[in-house]
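The values are calculated or read from the model by the stated rules, or taken from the named source; none is laboratory data. If you're wondering where the values come from, they're calculated on a predicted model, not measured in any experiment. Neighbour counts are summed over all protein chains in view; Cβ atoms, including those assigned to glycine, are modelled from backbone coordinates with ideal geometry. Each accessible area value is taken on the protein alone, full model and side chains, heavy atoms only, with ligands, DNA and RNA left out. Shrake-Rupley method; radii C 1.70, N 1.55, O 1.52, S 1.80 Å.
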Amino acid sequence: MGIRRRIVPPAAALALTGGLVAAQAVPALAAQPASRQTAGKAAAGGTYLSFDKNRSDPGKSSLSLMQSVPGARDTVLAEYRAGSGDGGRNGTDECASSQGWLPDGTYRVLAHDAHYNGGDEGVNGKVIHVQDKVCENGRTTRAELFVHSEMWPEGSQASAEPGQDSPYRWDGTGDYRSLGCIKLKPADIGNLFDKAGRYGWPTELKVVA
């Protein structure tokens, strides 16, 4: 999950475990119309997402929308600054739940939603939901993973709160930090949704170091 607050109420902390609680996220996404569901391996000529980790500064990693080109080099349709992990000492440990960035590997894209409502302290607005992934230790599962930003479900921004970092307002580069999910600024995830609607929705996310 990518929501990050400097001040987290105790009740909310139960939901911030590397993704939304399954009871919140999975049923809501599964209930979306079939047009918003994505299944199967990327077909030749289809699109996918590629997340390129920046070990020296995880908040300056990149997420690209790629076009698969049979027999040739794949085409970059769009590229955005993105972040994953909390930026702390365990921020690049893929097995550190709610701290580290996403494990390397290929993920199925499960669904997308332009107006997702993850509840209090949860992921909201434009989201792309990807499958769970077991990290390199073979034991720890990173669950309820999204590509998302910080906004209300309808896409608007919360009011500024002096001294606090709202999970529903993009306040600056510190908001690229997350509990594991991939985060984009609001304008960029909006552009990604526009491009995916034009070129076809990605069926996979590939995470590479």
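A few remarks follow.
- Probe 1.4 Å, protein heavy atoms only - accessible area per residue of segment 51-107 in square angstrom: 46
- Over 19 Å (Cα to Cα) - which of 133/185; 133/183; 53/126; 60/133 fall in this group: 133/185; 53/126; 60/133
- Sorting the segments 179-192, 196-209, 78-91, 159-172 by their mean number of nearby beta carbons within 10 angstrom, highest to lowest, gives 179-192, 78-91, 196-209, 159-172.
- A straight Cα-to-Cα reach below 20 Å connects residue 195 with the aspartates and glutamates 52, 74, 79, 113, 150, 154, 204, residues fewer than 8 places away in its own chain not being considered.
- Applying 0.36 nm per residue to the separation of residue 106 and residue 134 and subtracting their alpha-carbon distance, the gain on full extension is 9.0 nm.
- Net charge over other residues, Cβ less than 13 angstrom from the Cβ of residue 134 (K, R count +1; D, E count -1): -1
- Placing pseudo-labels 7 Å out from each Cα toward the beta carbon at residue 209 and residue 114 gives an inter-label distance of 3.9 nm.
- Amide H contacts of residue 77 (H built 1.01 Å from N, under 5 Å, at least 5 apart or other chain): 65, 66, 67
- The convex hull around the C-alpha trace of segment 144-209, projected and averaged over every direction, spans 5.7 square nanometres.
- Applied to segment 179-192, the Karplus parametrisation 6.51 cos²θ - 1.76 cosθ + 1.60 on θ = phi - 60° returns per-residue 3J(HN,Hα) values of 8, x, 5, 8, 10, 10, 6, x, 4, 6, 5, x, 5, 4 Hz, with x for Gly and Pro.
- Inter-site label distance for residue 157 and residue 187 at 7 Å from Cα along Cβ, in nm: 1.0
- Rolling a 1.4 Å probe over the protein heavy atoms of segment 89-134, with every protein chain left in place, gives an accessible area that is 38 percent carbon and sulfur.
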